[in-house]
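See below for the structure under consideration.
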Amino acid sequence: MTVRSMRATTTVQATPKAQATSKRGLVEPVTPVMAIDPATAARHLTIAREVYAERRRRHRFLPADLFGEPTWDILIDLYIAHREDRRVPTTSSCLGAHVPPTTALRWLRILESRALVEREDDGRDGRRTFVRLTLQGLAAMDATFASIYANFSRAIHIADTPPESE
């Protein structure tokens with residue numbers, strides 16, 4: 001489903017927690033969309049890149065078949081692309097998920113139905129579509145990386161603080 005066809009639709013299947021229905025019957029995001037300052041965006045981008053890279057590095061230590069979370073890989077990849085102001089073809093998004101294309105496409109459809117990602121037709125090539133985070137998806141990822149930053153900062157501070165001597 002492309003951005004054009006999604007906007008023509010009046011209802012979207014979604015989880016109650018992620019969306020609410022307005023009086024007009026349209027689905028609206030519940031997650032507040034707030035602009036973040038450039039320094040925070042840069043910090044989130046750095047965290048996203050490292051989380052994505054660490055997911056690849058863990059395969060050096062543990063068998064790759066133990067892990068499988070293509071939606072998280074897709075969301076991180078799209079977040080990085082958004083912050084780097086890059087467009088992501090749907091096929092590239094599938095490759096970034098590190099699962100078979102049919103599995104990645106199924107998860108993209110689920111993410112679309114939950115209004116976290118949207119597809120957009122390529123104006124020059126009718127065979128190609130791009131995928132990107134929606135405003136709701138972007139807000140959710142920003143909140144996720146803010147949480148990761150806060151919790152890891154706190155944990156590192158605690159770990160680095162010497163115990164008080166009695």
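The values are calculated or read from the model by the stated rules, or taken from the named source; none is laboratory data. Quick caveat: nothing in here was measured; it's all calculated off a predicted structure. Here the Cβ positions follow ideal geometry from the backbone for every residue, glycine too, while neighbour counts run over all protein chains shown.
Quick one: which helices (runs of 4 or more DSSP H) sit completely within the range 27-137 and have at least 3 residues that are more than 28 Å from residue 149 (Cβ to Cβ)?
Because the criterion is at least 3 residues that are more than 28 Å from residue 149 (Cβ to Cβ), the helices (runs of 4 or more DSSP H) in the range 27-137 that meet it are 90-96, 101-113.
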message: Let me spell it out: the conditions are (1) in contact with a helix residue (DSSP H, G or I) (Cβ under 7 Å, 6 or more places away or on another chain); (2) within 25 Å of residue 36 (Cβ to Cβ), and residue 101 meets all of them except one. Which number is the exception?
response: (2)
query: If you scan the range 98-135, which residues turn out to be closer than 27 Å to residue 58 by Cα, among the polar types (S, T, N, Q) and surrounded by 14 or more Cβ atoms within 10 Å (Cβ to Cβ)?
result: 103
- prompt: Out of all the residues in the range 87-97, which are within 14 Å of residue 76 (Cα to Cα) and without any contact (Cβ under 8 Å) to a residue 40 or more places away in the chain?
  reply: 92, 93, 94, 95, 96, 97
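Quick one: which of 106, 132 is without any contact (Cβ under 8 Å) to a residue 12 or more places away in the chain and among the charged types (D, E, K, R)?
After ruling out the rest, the residue left standing is 106.
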message: Can you confirm whether residue 97 is at pLDDT below 95 and in contact with a Pro (Cβ under 6 Å, 6 or more places away or on another chain)?
response: yes
- request: Could you please give the count of residues in the range 136-166 that are of a type in the set (Phe, Trp, Tyr) and surrounded by 14 or more Cβ atoms within 10 Å (Cβ to Cβ)?
  value: 2
Tabulated pairs, the range 148-160, first under 19 Å from residue 40 (Cα atoms) and aliphatic (A, V, I, L, M), second modelled with pLDDT under 90 and outside any helix (DSSP H, G or I), C-beta under 8 angstrom, 6+ apart or interchain: none
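Tell me whether the range 7-26 contains one or more residues that are at pLDDT below 80 and in a helix (DSSP H, G or I).
Checked the range 7-26: at least one residue is at pLDDT below 80 and in a helix (DSSP H, G or I).
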